[in-house]
Structure formats: C-alpha cells, structure tokens
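The values are calculated or read from the model by the stated rules, or taken from the named source; none is laboratory data. Here the structure is a predicted model, which means the values were calculated and not measured. Don't worry about glycine lacking a Cβ; one is built from the backbone with ideal geometry, like all the others, and counts go over all protein chains shown. When the accessible area is computed, the model is the full protein with side chains, heavy atoms only, and any ligands, DNA or RNA have been set aside. Shrake-Rupley method; radii C 1.70, N 1.55, O 1.52, S 1.80 Å.
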Amino acid sequence: MSEDPRRAIPRTDTVLAQAPFVAAVEQLGRTVVRTAVAAAQQRARDGEIAPDEVVDAALAALPTRTSSLTPVLNATGVVVHTNIGRAPLSPTAIEAVVDAAGYVDVEMDLATGARSRRGAGALAALLEAVPDAAGALVVNNGAAALVLATTALAAGREVVVSRGEMVEIGDGFRLPDLIASTGARLREVGTTNRTHLRDYTDAIGPETGCVLKVHPSNFRVDGFVTSVGLDELRGLTRPDGSSVPVVADIGSGLLSPDPLLPDEPDATTWLRAGATIVTASGDKLLGGPQAGLVLGDAEVVEKLRRHPLQRALRVDKLALAALEATVRGPVPPVTAALHATADDLRPRVEALAAEVGREIVPVEGRVGGGGAPGVPLPGWAVEIPVAAVERLRQPEGDLPVVLARVEGGRGLVDLRCIPVDRDVDVLAALRAALGHDGSGATPPSSS
Ligand SMILES: *Cc1c(COP(=O)(O)O)cnc(C)c1O
C-alpha cells in the first residue's frame, strides 16, 4: 500500500521550532509567520509543491517588513505629494521619532516627577520661530485645528466667511462642510470674486463667533478680484463692543515668508497683519509630521486648549518629537527640494541619463499638496518610455520603488525630491526598468 504523501507535510510546530522561523517570529510576530507556514502547507496539500519543499516555501513567502507601507523614491518632481505621505522627515526628525517611540517624558517634568504640559518642547520651538505668537497649540492635523477653532469660538453661533474662500481642498474635503459639522453656522458674505469690508461689517452681530479667513491654497482667481485684508478685519466688534476674533487658515504652514513663494501666506505675516490666531498643517511646506498648528493670541489659544474637543484631536508623541526637530533642526527635505534650482539639479540628472543612455529634458516640478498652484519649479528630468514608469513602480527583487511622472506621453525621472545619496538607487532601479540596453524595449522579465 502506498502512503499518502500529504502525511509527509511537516507539522506547524515542527516548522516553527526551526531557527530561521524562531528568528522570524521575533521580527515579524507569530501571526505573520504562522500564516506563511499554513499557506506553504496548503500548497503541498494541493500538490503544488512537494512536502519537503514546505519549509523553503514558507521562508520565501515571509514578508521582509510587518508594515505593508512600501517606501518609495519620489521622482515625480511634486514636492508635497499627498498620496505618498506629503513631507518626508529630515534625518534629525526621524531620529527624534525613534527616540520618542519608547517611554518618553512627553507629559512629565523629570526634575520634579510631576505631570507637565504635553509637548512643551514643540510648543516652545514654535513660539521661538514665530515671536508674534503669544500662544501655541498642536493638534492632529490642519483640519482638526480649524474644527477646534471654529467649535471653541463659534459653536451654536456664526462663522463669517467670504464666498471667495469657500474652498474644497482635496479628496472632496470642503471647508464649508467641515465647519458646518462643528455646529457653527456659516455666514457667507460677498461674492466669489469680490468681498468688501462692508460685507463683513453688515454680517457681524451678537451671533458672530468669529471671522474666518481661508487661504485658497489650490487655486487662484485672477482679474476683477477684491478681498479684505486682515488689517481691515482686525478690530471688528459686535454691537456690544466685544471684539470679534479673526481665525486665519493659512494651510501650508510656512512660519515666516519664503521669497520663492511670494503668494504663500505665513504665520508671522498674517499674525502681524491682524489675525487673532492662524491655523496650519505640519506636513506641507513646514516639512514636518502630520500635525495641525494653532498660533497667536494667548487667551484664544488657551480657550481652544481647554475645550473638551481638544482631547479628541490630540497629537501623538511621535509627531510632537518630529515637529520640534523639524522647527529647530536643519533645513527639512521639503524646503531643500523646493529651493533646488535647475542648475543644482542638472549635473545629477545628466549623470543619471549618461549611465542609462537616455536624454535629459527641461521640466517643471510642482509644490503640490494643494499649495502655490502658480509657482513653477524649473528643473531637469531623464526621459524614459511610459512602460518603464510602470516597471519602476513595481520593481523586481530588492530594488527600491521609484515613482516617476508621466507627462505628454513620456516618462520623466525628476531628481528634485530624491536625496542625493539615493541617486545610486534610482540608477539601479532605472537600469532594471529600462533593460540592459537602456532602450526600455527589453525589460528583464515581462509578465
Ligand atoms: C491642507 C489645508 C487644510 C487641511 O490641513 P490638513 O493638515 O491636511 O488637515 C486646511 N486648510 C487649508 C487652506 C489647507 O491648504
């Protein structure tokens, strides 16, 4: 009688006891490893592999990481790219995140052992960077900062906002809907292209919670346009003489002006101009972690901090660590990429093109993240076939994922957002994607 070969399939416990699997359990966790073993055993039961191949098949199927998030090299030329995580952190900020990943004194004064203000270091860094702000608060993201501000200042009352600033920011996220969700009523004034001071003063009454100014980050209205400056909105009062706070959503998170982006608002300028508080994102032009910043009048900031909703919008310790390191530390990658000139980029792009036998072409990068729509970022890219762009996105073996851009029927590899020390990795990926002759016509293995 012949024995059923399936009886030779190694048992789970036996496989897991082997050294490579013990190590894998330590690195990846038991569930992941067991799943890989079970899948290999099933393949043997199905006759796809021999029972003595189960161990090797299970090892081969083990993932190299526990997170399904795959690091990518951004060769799109879009600096703040929301789909790939917006701002990459500086090495200094990454170090701070790693340090904060364990137990850390985020809410403790080590001198006394008593509880302290959460994230005091990040707040101090922001206040030093923006001396015009007397108070600072950090929440989970820019939208949370806006929700908290309008809730604390205007829930059950009115938020006065210009129709020219009723924007959708991306992925269907509309400011008016967000504010309506807080229980504040929107009081729209003016028209899409023109809003005058009179429109605001006519709308302000006992029911006014705050005036909201929004930077319409992702579009521009040209032509017959009037909007009311913060200097005019400052000092508006309700009929009883109480002053109306002006909340200004600057969006991108510049703390002070950047000459490269003259139309982009920054916290310092808008506070000086008359905003009571500004709200902003941490992971756009500031170049830090996802976070929402509130900067400005100390009393108003304190009112937000004490609002019960604040607890639900709290920022985590990793973000606080990265934020402080970004504000205090070296120039973050976003800033470096934005300021890289065509002349800076050309030698790197030329060297890459020469290695793979392709041409370089002038291109325009973009700020991205819904910011500074009109600002061109002149640079250079290696031109490649569109088919190679797809292979770069799904490389063979251990090669890094490189995201290139497709424009006008051609693929473009733009080094603007690639750290210089990763050019070699882009080259390796590009060689594989183009095939050995560099023509892009013969991929190493097409499926
Ligand atoms: C991006 C943006 C927001 C939202 O900020 P998140 O950090 O993405 O939540 C709000 N307002 C403006 C003007 C923005 O540009």
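For the range 222-372, the share of alpha carbon pairs falling in successive 10 Å distance bins from zero is 9, 29, 29, 19, 9, 4, 1, 0 percent.
For the chain, modelled as a GNM whose springs connect Cα atoms under 10 angstrom apart, the maximal fluctuation among ASP240, ASP263, ASP297 occurs at ASP240. Our coupling estimate for the range 182-197, obtained by passing each phi through the Karplus curve with A = 6.51, B = -1.76, C = 1.60 and θ = phi - 60°, is 8, x, 8, 9, 7, 10, 7, 10, x, 10, 4, 9, 9, 9, 10, 4 Hz, Gly and Pro reported as x. Working from Cα pairs under 8 Å separated by at least six residues, relative contact order for the range 12-61 is 35 percent.
Along each principal axis, taking the top coordinate minus the bottom one, the Cα set of the range 129-198 gives 35, 27, 27 Å in descending order. Under 5 Å from the amide H of THR226 lie the amide H atoms of ARG194, THR195, each residue being 5 or more positions distant or on a separate chain, with H modelled from the backbone and absent for Pro and chain starts.
With N as its number of residues, the range 44-110 has a Cα radius of gyration that, divided by 2.2 N^0.38 Å, comes to 1.92. For the range 298-447, the convex hull spanned by the alpha carbon atoms encloses 181 Å³ per residue. Between amide H atoms placed 1.01 Å from N, distances below 5 Å from CYS417 occur with GLY77, all of them 5 or more places distant or on a separate chain. Ranking of HIS339, HIS215 by solvent-accessible surface, largest first: HIS339, HIS215 (1.4 Å probe, protein heavy atoms only, all chains present). For the range 133-138, backbone phi angles converted through the Karplus equation (6.51, -1.76, 1.60; θ = phi - 60°) give residue-by-residue couplings of 9, 8, x, 9, 8, 10 Hz, Gly and Pro being listed as x.
Solvent-accessible area assigned to carbon and sulfur over the chain amounts to 52 percent, based on a 1.4 Å probe.
Note on the range 375-426: Cα-Cα pairs beyond 17 Å make up 38% of the total pair count. Once backbone amide H atoms are built at 1.01 Å from N, VAL167 has LEU175 as its partners under 5 Å, excluding neighbours fewer than 5 places away on the same chain.
Please list, or write none, the lysines whose alpha carbon is within less than 22 Å of the alpha carbon of LYS284, excluding same-chain residues fewer than 8 places away. Of all the lysines, those that pass the test against LYS284 - Cα under 22 Å, at least 8 places apart if same chain - are LYS213, LYS317.
Sorted largest first, the spans of the alpha carbon positions of the range 12-61 along the three principal axes are 30, 17, 16 Å.
Note on the chain: with a GNM built from Cα contacts shorter than 10 Å, the maximum mean-square fluctuation among ALA340, ALA60, ALA319 falls on ALA60. Say R0 is 25 Å: what FRET efficiency, to the nearest 0.05, do ASP171 and SER68 get from their beta-carbon distance? So the FRET efficiency works out to roughly 0.75. For the range 289-381, trypsin sites (Lys or Arg not before Pro) meeting the loop criterion (DSSP other than H, G, I, E, B) and having at most 13 other Cβ atoms within 10 Å: none. Below 11 angstrom from the Cβ of ARG157, what's the summed charge of the other residues (Lys, Arg +1; Asp, Glu -1)? Charge balance in the 11 Å sphere: +1.
Once divided by 2.2 N^0.38 Å, the Cα radius of gyration of the chain becomes 1.21. Estimated translational diffusion coefficient (Stokes-Einstein, Kirkwood radius over Cα pairs, 4 °C, 1.567 mPa s) of the range 90-330: 71 µm² per second. Helix-derived [θ] at 222 nm for the chain: sum -39500 (n - 2.57) over DSSP H runs of at least 4, divide by residue count, nearest 500? Theoretical 222 nm ellipticity from helices: -10500 deg cm²/dmol.
With all protein chains kept in place, the per residue accessible area of the chain amounts to 49 square angstrom at a probe of 1.4 angstrom. GNM on the chain, alpha-carbon springs under 10 angstrom: the most fluctuating residue among GLY235, GLY408, GLY296 is GLY408.
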